[in-house]
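Chemist: Below is a structure I'd like to ask you about.
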Amino acid sequence: WTLYPLHNYGMQVAVEHLWGTSSSDMYFVGLNGSIVHYDGSSFEQMDSGTDTDLKNIAGSPDGEHVFAVGYEISGEHVNQSIVIELNQISWQIVYSSDHTFPSDSTYGMASAVSVKGEVAYITSRAGILKYNYFTKDISLMQTTPFSLYYSHVVSMSIMNQNDIFLLRGSFRLLHYNGNSWALDEYIYNYFSGDTWSYNLDTWNNMVAIVGDHGYNTAIVARGYR
């Protein structure tokens, strides 16, 4: 194990999420809009253009298109959320909202991102935003019958456009099979609630979820098809 104290390189408090194409191309995001990039030999603090807490980051396999999502549910920037895209050397705003819930002018709070093909999939309280980073078009994908209006999605994974996982904040897992959505509440029910989930990842036929129970017991769960 090798310790890298990222706060020495501009990371605020702790890493909220990380993503990269390889061990020599890694991005770390955290509080107050902090982003640090690692190129295999050195760390560089990047100017995100925002001081909103960044919670999620993902990009294309070639690393040419990288997206970070930030939001705050308390404090000075309560209810604010933002999606930024790395455009060569600078970060640009793709989407922002000052409201938790959707309205005529906003899709509501954004909270997670995953990239597949030429599309960045972004969760919002209105549903999943599909942002084509070549055409710059945004379309809305509903999760009917499971509305995200009152649901806080903390992580998502896109295996392909017909294989989508969404992780809500209490170990409730949504899955899309190309035709319909299904809800899995096994872990939530197993612990009779009082759970909080933080992240999920998928690989081949496995999904892994991490979180805690009662704020003092760690949970690592894995599921198979």
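The values are calculated or read from the model by the stated rules, or taken from the named source; none is laboratory data. Computed from a predicted model, the values in this text were never measured in an experiment. In this analysis, Cβ positions are derived from the backbone assuming ideal geometry, glycine residues included, and neighbour counts consider all displayed protein chains. Protein only, heavy atoms only, side chains kept; ligands, DNA and RNA dropped before computing areas. Shrake-Rupley method; radii C 1.70, N 1.55, O 1.52, S 1.80 Å.
Chemist: Just give me the residues in the range 111-130 being open to solvent by 10 Å² or more (accessible area, probe 1.4 Å), under 13 Å from Tyr95 (Cβ atoms) and hydrophobic (A, V, I, L, M, F, W, C), in sequence order.
Modeler: Ala126, the sole residue that qualifies.
Chemist: Here's something else I'd like to know. So, in the range 1-31, how many residues would count as being at positive phi and touching a Leu at 6+ places or on another chain (Cβ under 9 Å)?
Modeler: 1
Chemist: If you don't mind, there's one more thing I want to ask. Quick one: would you say Tyr121 is touching a Phe, Trp or Tyr at 6+ places or on another chain (Cβ under 9 Å), modelled with pLDDT under 95 and not acidic (Asp, Glu)?
Modeler: No: the conditions fail for Tyr121.
Chemist: In addition: Scan the range 131-144 and tell me whether some residue there is among the small types (Gly, Ala, Ser) and either buried (at least 16 other Cβ atoms within 10 Å of the Cβ) or not in a strand (DSSP E or B) (or both).
Modeler: Here is the first cut: in the range 131-144, the residues among the small types (Gly, Ala, Ser) are 139.
In the following step, the residues that additionally are either buried (at least 16 other Cβ atoms within 10 Å of the Cβ) or not in a strand (DSSP E or B) (or both) were identified as none.
Among the residues of the range 131-144, not one is among the small types (Gly, Ala, Ser) and either buried (at least 16 other Cβ atoms within 10 Å of the Cβ) or not in a strand (DSSP E or B) (or both), which makes the answer no.
Chemist: Tally up the residues in the range 29-42 that are open to solvent by less than 50 Å² (accessible area, probe 1.4 Å) and under 18 Å from Ser90 (Cβ atoms), please.
Modeler: Residues of the range 29-42 open to solvent by less than 50 Å² (accessible area, probe 1.4 Å): 29-31, 33-38, 40.
Next, from what is left, pick out any that are under 18 Å from Ser90 (Cβ atoms): 29, 33-37.
Here the count works out to 6.
Chemist: Take the residues in the range 172-195 that are hydrophobic (A, V, I, L, M, F, W, C) and at pLDDT below 95; name whichever of them is nearest to Gly223 (Cα to Cα).
Modeler: Ile187
Chemist: When the residues of the range 111-155 are filtered to those that are aromatic (Phe, Trp, Tyr) and more than 12 Å from the chain's Cα centre (by Cα), which remaining residue is farthest from Ile73 (Cα to Cα)?
Modeler: Phe134
Chemist: Sticking with this structure for a sec: Go through (1) modelled with pLDDT of 95 or more; (2) closer than 22 Å to Val29 by Cα one by one and return the number of the condition Gly169 breaks.
Modeler: Going through (1) modelled with pLDDT of 95 or more; (2) closer than 22 Å to Val29 by Cα one by one, Gly169 breaks only (1).
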